[in-house]
Amino acid sequence: MSRRLSSQQLALLITTLMTISIGQSMVFAILAPLGREVGLIEVQINSIIALSALAFALSSPRWGRLSDRVGRRPIIITGLVGYTLGTLAFTSVFYAGLQGVLTGAALYVTLLVVRCIQALVMSASSPAATAYAADHSEPAQRLRTMAKLGTANSLGTILGPAVSGAMAALGLLAPLYFAAALTLGAAAAVRARLPFTPRAERVQHVTRRKLRITDRRIALYIATAVGLFIGYSGIQQTLGFQLQDQFALSGIQTAQYTGVALMIAAAATFLVQVTVMQRVNLKPTQFVRIGLVSLIGAAALLFFAEGYASIAAAMLLLGAGLGVSMPAILSGASLAVAPDEQGAAAGLVTACPALGFSVGPVAAGYLYQVEGTLAPLFSACVFFGVLVMLALKERQHAAEGSAQS
């Protein structure tokens, strides 16, 4: 198999992940006001995100291991088609809620079930695409390749809120129908243009043993990523509430203001990934520490925020911290395992954001109901705890290395 990822293949992988990111950022931008429109409270809205994220986290490693056996392309396509059908179903349930056909507990449970089923299938694409990129990149280029792949999420998060803000004038559901069309188009493009790994070459990548989340080679990366996204999701999923309550906004205005804030964060992520991550040579854990410091600063700014300018500055730091941390975590985990474990490793790391989103939104949402400033304080504490854990583990590994030598 060629170890070089062509520019066309990389562009197609970035486009594929970007369409999913666009759809997800649209959901994040409009879910808070849309949920309130149909009578859901904050904890119910955030629990939909949290429980579907848990479903994503549980299924993502399985899809990654399956891609090691059957190839990357069919798994990528499965996730994209699942995202399309799931988005259409999720949007249809919200439409029934807006029309009064479904209300109360029945509406909430239906939304929850549909979103969880969608998450179980859509989780296939990210680990398979990440493993495809790892298959075709040399170890020395792995960090840069993962940073380039990471631009898909940042570009999608920039474009998603921009599109949802513009389309919100047509109704809060319009962006979701648009997202479904995008992922369907991406599935067709992958099927037509992404080369399929021949069976003779795939045999070399059959995993001999099941890679576990507790594997010593990747456990630190997994724990760091989960903690990072607990704090990040807590901020992201309470931002809409903070903006709406602080500035007395309508539902559509909240979606637009939230979209702009998410775009600022995504723009910072993108700039970091195409500049710093391509030119600065540091160890993955060094990049992660820098990212965590930036994330702590973002949470502190949100805690003290009194105007939109300070919120915008916080989102800049939030995006920069994420842009530095995640490519480093992906590349570190990829470099730590064997070639026949790339899909499994990608599946585990890809599950980390979802694991974070299964905890962060619920915890921060509950704290926000108690007192609004507790949500960013919670995230700051989580980021600081992860930073301390990372420093202690690195010191322990260094001590063990000295003892062995």
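The values are calculated or read from the model by the stated rules, or taken from the named source; none is laboratory data. Just so it is clear, the model here is predicted, and its values are computed rather than measured. Positions of Cβ are generated from backbone atoms using ideal geometry, with glycine treated the same way; all protein chains shown enter the neighbour counts. For accessibility, only protein heavy atoms count, side chains too; no ligands or nucleic acids. Shrake-Rupley method; radii C 1.70, N 1.55, O 1.52, S 1.80 Å.
Structure notes:
- As a rough guide to protection, the peptides 332-339, 117-124 ranked by mean Cβ packing within 10 Å, highest first, stand as 117-124, 332-339.
- Here the dipole of the chain is about 1560 debye; that uses its Cα centre as origin and unit charges on the Cβ of Lys and Arg (positive) and Asp and Glu (negative).
- With contacts taken as Cα pairs under 8 Å at a separation of at least 6 residues, the chain carries a relative contact order of 29 percent.
- Theoretical FRET efficiency, 1/(1+(r/R0)^6), r = Cβ-Cβ of Arg4 and Cys381, R0 51 Å, to 0.05: 0.70
- Ligands, DNA and RNA left out, the 1.4 Å accessible surface of the chain is 65% carbon and sulfur atoms.
- For segment 326-405 and segment 121-186, distance of Cα centres in Å: 21
- Across the protein chains, with a 1.4 Å probe defining accessible surface, the residues Val38, Val280, Val293 rank Val293, Val280, Val38 from largest area downward.
- Structure-based [θ]222 nm, the chain - -39500 (n - 2.57) summed over DSSP H runs of at least 4, per residue, nearest 500: -29000 deg cm²/dmol
- For the pair Met389 and Arg216, the difference between a 0.36 nm per residue extended length and the Cα-Cα distance amounts to 60.8 nm.
- With the charge dipole of the chain set up from +1 on Lys and Arg Cβ and -1 on Asp and Glu Cβ about the Cα centre, the Cα lying farthest toward the positive end among the listed residues Val370, Gly150, Gly231 is that of Gly150.
- All lysines inside 21 Å of Lys393 as judged from Cα atoms, apart from same-chain residues fewer than 8 positions distant: Lys283
- Exposure rule at most 15 other beta-carbon atoms within 10 Å, DSSP loop GluC sites (Glu not before Pro): the chain longest free segment: 1-305
- Per residue, segment 50-140 exposes an accessible area of 35 Å² to a 1.4 Å probe, with every protein chain left in place.
- Ranking Ala351, Pro361, Ala338 by Cα position along the charge dipole of the chain, where only Lys, Arg, Asp and Glu carry charges on their C-beta atoms, puts Ala338 farthest toward the positive end.
- Whether the chain is rounded, prolate or oblate, judged on the alpha carbon gyration tensor where a/c under 1.5 counts as rounded: oblate
- Simple rule: put +1 on each Lys or Arg Cβ and -1 on each Asp or Glu Cβ in the chain, find the dipole, and look at Ile14, Ile311, Gln242; the Cα lying farthest toward the positive end is Ile14.
- Taking the C-alpha atoms of segment 175-309, convex hull volume expressed per residue in Å³: 190
- Potential lengthening of the chain between Val101 and Leu271 amounts to 56.7 nm, from the contour at 0.36 nm per residue minus the alpha-carbon distance.
- Using the 1.4 Å probe convention, the accessible area of segment 270-352 works out to 34 Å² per residue with neighbouring protein chains retained.
- Within the same chain, aspartates and glutamates fewer than 8 places from Lys148 are excluded, and of the rest, those with a Cα less than 18 Å from its Cα are Asp135, Glu138.
- Of interest is the spacing of the C-alpha centroids, which for segment 253-296 and segment 34-70 amounts to 23 Å.
- For the chain, leaving out every one of the trypsin sites (Lys or Arg not before Pro) that falls in a DSSP loop and has at most 13 other Cβ atoms within 10 Å, the longest unbroken run is 5-207.
- One equal scatterer on each Cα of segment 63-152, no solvent, Debye formula: the resulting log10 I(q)/I(0) at q = 0.10, 0.11 Å⁻¹ is -0.38, -0.45.
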